[in-house]
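Q: Attaching a single structure in structure tokens format; questions to follow.
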Amino acid sequence: MEKKQMNNTIKNKKKKRKKKIGRKILLLLLFVLVITGGIFAYRVHLNGGGMSGMLATMVGHDQNTKKNLPELKVLVLGISTDQENVELTDTIMVASYNPNTQKATLLSIPRDTYIGKNTARATAYEKINTLYGRKHRPDETLEAINEITGLDIQYYVVVKTEALIKLVDVIGGVTFNVPIDMDYDDKTQNLHIHLKKGEQKLDGNKAEQLVRFRHNNNGSSYPAEYGDNDLGRMRTQREFIMQVIKQTAKPENIFKLGEILEVAEEYVITNIDFNVAKDYIPYVVEFSTENMLTETLPGSVPNLNKTNNVSIFVYDKVETKKLVQELFVDRDLEENEETEGEEKTNQEENTTTNIDKSEITIEVLNGSGVSNNLQKVVNQLQGAGFKVTRTGSTNTTTKTVINNKKAVKEDLLTKIKEVVGKGSIETSQSSSSKVDVTIIIGKDY
């Protein structure tokens, strides 16, 4: 009996020892987790915090990594695959993204851009959109684009039609303001476009119809002020891409990352190495499409009797050089340059703020979804004595914004608001800005 009690006592002591050891191990693990978590949280904080900081920390970045990242320039080719054994280049764009300034650019290249030597003897095979279809070599198109723009683009992304359709469906559709009624049928491509004008949620099939539309069955197209035929299509493509980026970047879509990557793996061809891509991903999540500038390659469409009866687009070499300088060089300058002292800064600020309203340069961007609004605002401003030096379009936005780029006096900004009739006044000073004030027309106009 005594022996049995002794054995029980020994067993109880062993159990207590095991419990104590177990508690110590658990406390040690908790301590390690707290320390590790604290270090991780601290690194996230150093990397800017939020989703961007967390992703940057997860891929091994420190607070200096982003500073050393150059602007990323990529050639984007949109390929339609509706016809058997034929791949047509429907979309050609040069895209750039700067993680430090959080600015991006989309430059559309007309697919009929002539790359031959003699326009008088032009052939359909001398259009830039034929290069990829011949040998399925995107590097040839890349070389041609670098020659046209003077840029040294290293990367390309070839996106097949199926990628757009499936991506839009994966993220649950994209809300977009279709600019006009679209009614077109092409049995040879099995292409049928039937969309109504107005804001609506587009699924993958309708998204394809939108970006491939050029003109209706009756020959009508986008209105001239919007940009007819190819110009209108390129504008729609740019604005739709901005909405896709904006809506794909929503926090809830982080859980759909696996599906998005599957689409990319199957329908996207690129020479961008994963090690390059992962360095930019943490900062792309912070990108706002309002910081995207969109333009089209400058040029003209000559009469058919001067081009061997072949419809081509001839780019303007002088204007192209100016535009590329503005988009990809001047815009990439450091925004927050160091000044030579507080006194110099104050002098420059006083010089700017005391200018007369006729000396203020104003940029007007139409984000209302109504093409006529742009000219209305320009007329109102010019009628009130203001100088409008730049106009354009941007992605659809709800509210009108008057952005102070160069420390313009408050009373002049208020006057601009009175003339426009709408708009919240914001300040986003930029030393590289080409204008003093940027007005973004919203749907509230």
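The values are calculated or read from the model by the stated rules, or taken from the named source; none is laboratory data. Note that the coordinates shown come from a computational prediction; the quantities given were computed from them, not determined experimentally. Virtual Cβ from ideal backbone geometry, glycine too; neighbours counted across all protein chains shown. Surface areas here come from the heavy atoms of the whole protein model, side chains and all, with no ligands, DNA or RNA. Shrake-Rupley method; radii C 1.70, N 1.55, O 1.52, S 1.80 Å.
Q: Determine, yes or no, whether Thr188 is of a type in the set (Val, Ile, Thr), open to solvent by 70 Å² or more (accessible area, probe 1.4 Å) and under 30 Å from Ala224 (Cα atoms).
A: yes
Q: Considering Leu191, Leu202, which residue is under 22 Å from the mean Cα position of the chain (by Cα) and not polar (S, T, N, Q)?
A: Leu202
Q: Looking at the stretch 371-388, which of its residues are loosely packed, with under 13 Cβ neighbours inside 10 Å and touching a Lys or Arg at 6+ places or on another chain (Cβ under 9 Å)?
A: Gly385
Q: With the checklist (1) at pLDDT 75 or above; (2) surrounded by 20 or more Cβ atoms within 10 Å (Cβ to Cβ) in hand, flag the one item Leu293 doesn't pass.
A: Every condition holds for Leu293 apart from (2).
Q: Quick test of your reading of the structure: Ile153 fulfils all but one of (1) over 19 Å from Gln237 (Cα atoms); (2) open to solvent by 40 Å² or more (accessible area, probe 1.4 Å). Name the failing condition by number.
A: Every condition holds for Ile153 apart from (2).
Q: When the residues of the stretch 191-207 are narrowed to those that are closer than 16 Å to Val244 by Cα and open to solvent by less than 20 Å² (accessible area, probe 1.4 Å), which ends up modelled with the highest pLDDT?
A: Filtering first and then ranking leaves Leu202.
Q: State all residues of the stretch 172-190 that are on the phi < 0 side of the Ramachandran plot and modelled with pLDDT of 90 or more; if no residue qualifies, say none.
A: If the condition is that a residue be on the phi < 0 side of the Ramachandran plot and modelled with pLDDT of 90 or more, then Val174, Thr175, Phe176, Asn177, Val178, Pro179, Ile180, Asp181, Met182, Asp183, Tyr184, Asp185 are the ones that fit.
Q: Restricting to the stretch 408-424, name every residue that is without any contact (Cβ under 8 Å) to a residue 24 or more places away in the chain and among the β-branched types (Val, Ile, Thr).
A: Thr414
Q: A follow-up question, please. Can you name every residue in the stretch 218-263 that is hydrophobic (A, V, I, L, M, F, W, C) and open to solvent by less than 40 Å² (accessible area, probe 1.4 Å)?
A: Met234, Phe240, Met242, Val244, Ile260, Val263 - these are the residues of the stretch 218-263 that are hydrophobic (A, V, I, L, M, F, W, C) and open to solvent by less than 40 Å² (accessible area, probe 1.4 Å).
Q: Working carefully through the options Leu167, Leu131, Leu142, find the one that is open to solvent by less than 60 Å² (accessible area, probe 1.4 Å), assigned to a helix (DSSP H, G or I) and under 25 Å from Lys246 (Cα atoms).
A: Result: Leu167 is the single residue among Leu167, Leu131, Leu142 that is open to solvent by less than 60 Å² (accessible area, probe 1.4 Å), assigned to a helix (DSSP H, G or I) and under 25 Å from Lys246 (Cα atoms).
Q: Of all residues being over 15 Å from Asn291 (Cα atoms) and at pLDDT below 80 in the stretch 392-407, which is least open to solvent (accessible area, probe 1.4 Å)? Just the residue, please.
A: The extreme case among them is Ala407.
Q: Can you name the number of the only condition in (1) of a type in the set (Asp, Glu); (2) closer than 21 Å to Gly367 by Cα; (3) free of Cβ contacts under 8 Å to residues at least 24 places away in the same chain that Asp186 fails?
A: It is condition (2) that Asp186 fails.
Q: Looking at the structure I just gave you, is Leu365 free of Cβ contacts under 8 Å to residues at least 60 places away in the same chain, among the aliphatic types (A, V, I, L, M) and open to solvent by 10 Å² or more (accessible area, probe 1.4 Å)?
A: No.
Q: Taking the options Gln237, Gln209, name whichever one is in contact with a strand residue (DSSP E or B) (Cβ under 6 Å, 6 or more places away or on another chain) and within 17 Å of Ser108 (Cα to Cα).
A: Every option except Gln237 fails the conditions.
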